Amino acid sequence: MSNSIIKPQTLRGFRDFLPEMMIPRLQLIEQARTVYSQYGFSPIDTPALEYSNILLGKGGDESDKQLFRFIDQGDRDVAMRFDLTVPLARFAAQHIPQLGTPFKRYHIAPVWRGERPARGRFREFLQCDFDTIGTESIAADIETVLVIHDLLHAIGLENFTIHVNNRQLLNGVLEQHGLLERTVPLLRALDKLPKIGEENVIAEMKQTAQVDHDQAKTILQLAALKGEASSVLDQARPLVADSERGQAAIESLHRLTQTCFEIGITGDQLHLDLSIARGLDYYTGTIFETFLNDLPGIGSICSGGRYDDLAGLFTKQKLPGVGASLGLDRLLAALEEQGRLEAVGTTSQVLVTQFDANHLADYQKISRQIHRAGIASEVYPEAKAIGKQLKYANKKRIPLAIIAGTQEFENRNWQLKDLNQGRQLTLNEADLIEKIREILSVT
RNA sequence: GUGCCCAUAGCUCAGUUGGUUAGAGCGCCGGAUUGUGGUUCCGGAGGUCGCGGGUUCGAAUCCCGUUGGGCACCCCA
C-alpha cells in the first residue's frame, strides 16, 4: 500500500519549526512581550481572516496581489491578514470609543503574504507590532525609537542601526518644485540610490516621473546629506525654505534625534537618513527602518512610522498614531545565519534516568520536587541501559542527570551527574535540589 | 508576478562525454562496555537519484512539465 502514502510536504514559503528553532523563537517572543509591556503597551489579538474589503486597497496594488483570498463556506469573500496594521485600523474603529485614547497596544501574530520566498522572507511569518494611537505628540515617536532600541538590546544585539526620516521632509522638497503628485515614482527611484547609484536614479526619475535633470539633482541633494544629525538638518533646512511641511519635518526630526541622544541612544544606533523612503503608503510622518550592520542583505528587521489617519476608511474619528513592526522570523533567520542560536533540543535541565522500573514512583517524585524548585526536569520513559539514557541527555544537551539504583535506594541518596563537567556527586535528597540550583546558576 | 540557478541516504555532498548491483563523511541503530554520555574500535539499517512524462538498446546524467529551495528585479518584516 506504499502507493497510497501522501508525500509529506509544506507549502511554498510555509515552514515547520523544530524544537531547536521553536525554543529560541519563543524566547524572542517573550523578550518582545517584556519590553512592550514595560513601556505600557497592552496585548490584543484579531482574527486571521477578515472580510476582503477590510484588507483590500490598503497597502497599494502590490499588497492586494499578495493577499491569500478565497470564498468561505458561507459565500463570504474573505482574506488572510497581510499585516497587523490594517486589522488594527478596523479594530480601532470598532473599539476606540470604549478604550479611549491614547491607546497603546502590541500584537504578536502571524501574517500571510503570497509573495516569492527568499532569504528571510516567508509566506507565513510572525510580526510583532506595537503602536500608540490617538496622539500626535512627538513623545510617542521618541518612545517608538526607545522600544526598538531596548528590544534589540534585550535580544543581545548591539550592532544595529535605526534609520529615521520624515515623509514630510521629502514631500517638502517635492512641494517646493511642484512635484508633489509625482511622489510615488520619485520615492521609488530615490530608494534605489545605494543600490544603483546617483546617475541611474536620475535616469529613472526622468523616465518614470518626467522631471528634468536639475529637479532630480535637487531631490538627490537631500538624500545625499550625510553626517551628524544636527548638521544634516542644518543643511536640509534651506532646501525646504518655502515649504511649511518641510520646515515642520525638520523641527520634528530635530526634536526626535536630540531627545534620543539626550536619553543615551548613540549616534551609531540612531541614524538620521534622509534617503529612506520606504514603508507602506499610509505613513505620513516619521519613518523608521532598522538594519543589522553585519547582515544588511537580509533587509529591515524592524520598520514603522507615523500615520495621521489610521482608520479613516472605517470611521470618521481621526486617529493619528505611530508604531513599528518587528519582523521576528526575519530576525530569527538572521540570528541563525550568524550562528547565534544556542542549539537546544529541549527545555529540560535535568534528566532523571530510570535504573529500576519498579522505582518509577521515586523517580517521578524526585523529578516533581525539582519542578517545584522551578527547574525543568524529565524522567526517561524506559529503564534501558544507563548509557543509552545518558546519550539521550547528551544529544538533547540536558546538562544534568540523576542516577539511582539499588545502592542509592539502600543508602537513601542520589547520584547527580554534571554532563558538561563530567563529574558525579553523591547527595542526599535535601542537598540534591540545592546542588542542582547551584550548578545551573553558574552556567 | 518576471528572469536565472539548484534538487542524489536524516544532514552535507561525490557520481567522470548517458553504460552492469548509486558512493563518502557525519548522524542513526546494534556490539566491544548487561551501573555511566560526549573519545575510540567493529558491525548494521537506510535511496523507485523531488515528482510526472518524453528521447534512447540503456537515463541520477539529455528534453518538457510540475513541486520545493536559492539569487536578481518588484515589493517588504
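Model label points for A:A383 and A:Q247, set 7 angstrom from Cα along the Cα-to-Cβ axis, are 8.7 nm apart. Within the same chain, aspartates and glutamates fewer than 8 places from A:K435 are excluded, and of the rest, those with a Cα less than 14 Å from its Cα are A:D418.
Which GluC sites (Glu not before Pro) does region A:299-367 hold that lie in a coil by DSSP with at most 13 other beta carbons within 10 Å? Write down the numbers at each step before the final one.
Numbers: sites: A:E336, A:E337, A:E342; in loops: A:E342.
Hits after loop and neighbour filter: A:E342.
Among A:V232, A:V350, A:V147, the largest mean-square fluctuation in a Gaussian network model of chain A (Cα springs under 10 Å) belongs to A:V350. Translational diffusion of chain A was estimated from the Stokes-Einstein equation, with Rh taken as the Kirkwood radius over Cα pairs; at 10 °C and 1.306 mPa s the coefficient is 63 µm²/s. Pairs from the list A:K192/A:K226; A:K365/A:K395; A:K7/A:K396; A:K65/A:K316 with a Cα-Cα gap above 21 Å: A:K365/A:K395; A:K7/A:K396; A:K65/A:K316. For A:I96, A:I301, the sequence from fewest to most other C-beta atoms within 10 Å is A:I96, A:I301. Put in line by how crowded their Cβ is, counting other Cβ atoms within 10 Å and starting with the fewest, A:V322, A:V173 read A:V173, A:V322. From its DSSP helices (H runs of at least four residues, each -39,500 (n - 2.57)), chain A gives a residue-normalised ellipticity at 222 nm of -13500 deg cm²/dmol. Gain on full extension, evaluated as 0.36 nm per residue between A:Q207 and A:E410 minus their Cα-Cα distance, stands at 64.2 nm.
Remark: spin-label model distance A:N53-A:H153 equals 4.7 nm, labels positioned 7 Å along the Cα→Cβ axis.
Across the options A:L326, A:G387, A:I375, the greatest Cα extent toward the positive end of the charge dipole of chain A (unit charges at beta carbon of Lys, Arg, Asp, Glu) belongs to A:G387. Once the Cα atoms are used to define both axes, helix A:85-99 deviates from the longest principal axis of chain A by about 90 degrees. Principal axis analysis of the Cα atoms in region A:96-161 yields extents of 40, 32, 17 Å, listed in decreasing size. Pick out which of A:D212, A:D75, A:D191 has the largest mean-square fluctuation in a Gaussian network model of chain A, springs linking Cα atoms closer than 10 Å. Fluctuation is largest for A:D75.
Which percent, to the nearest 5, of DSSP beta bridges fully inside chain A are antiparallel? Of those bridges, close to 80 percent are antiparallel. Pick out, in residue order, every one of the chymotrypsin sites (Phe, Trp or Tyr not before Pro) in region A:251-326 that is DSSP loop and has at most 16 other C-beta atoms within 10 Å; say none if there are none. Here the sparse-neighbourhood loop sites are A:F314.
Select from A:G321, A:G156, A:G312 the residue whose mean-square fluctuation is largest in a Gaussian network model of chain A (Cα-Cα springs shorter than 10 Å). Highest fluctuation of the listed residues: A:G156. Of the trypsin sites (Lys or Arg not before Pro) found in region A:196-244, those in coil by DSSP whose Cβ has at most 13 other Cβ atoms within 10 Å are A:K226. The DSSP beta bridges internal to region A:350-442 are antiparallel in roughly 60% of cases. Extension gain for the segment A:D64 to A:Q364, taken as residue separation times 0.36 nm less the Cα-Cα distance, is 102.5 nm to one decimal.
The residue among A:W112, A:F160, A:Y36 whose Cα reaches farthest toward the positive pole of the charge dipole of chain A, with charges on the beta-carbon of Lys, Arg, Asp and Glu, is A:W112. With R₀ set to 25 Å, the beta-carbon distance separating A:T34 from A:L440 gives a calculated FRET efficiency near 0.70. Between A:T208, A:V147, A:L174, the Cα set farthest toward the positive side of the dipole of region A:136-211 (charges on each charged residue's Cβ, about the Cα centre) is that of A:T208. Using Cα atoms only, what is the angle between the long axis of helix A:19-38 and the major principal axis of chain A, expressed in degrees (0 to 90) to the nearest 10? Here the helix axis deviates by roughly 60 degrees.
Read-outs throughout are calculated quantities, based only on the coordinates presented, and are distinct from any laboratory measurement. Since this is a predicted model, take the numbers as computed values, not measurements. Neighbour counts run over all protein chains shown; Cβ positions are idealised from the backbone, glycine included.
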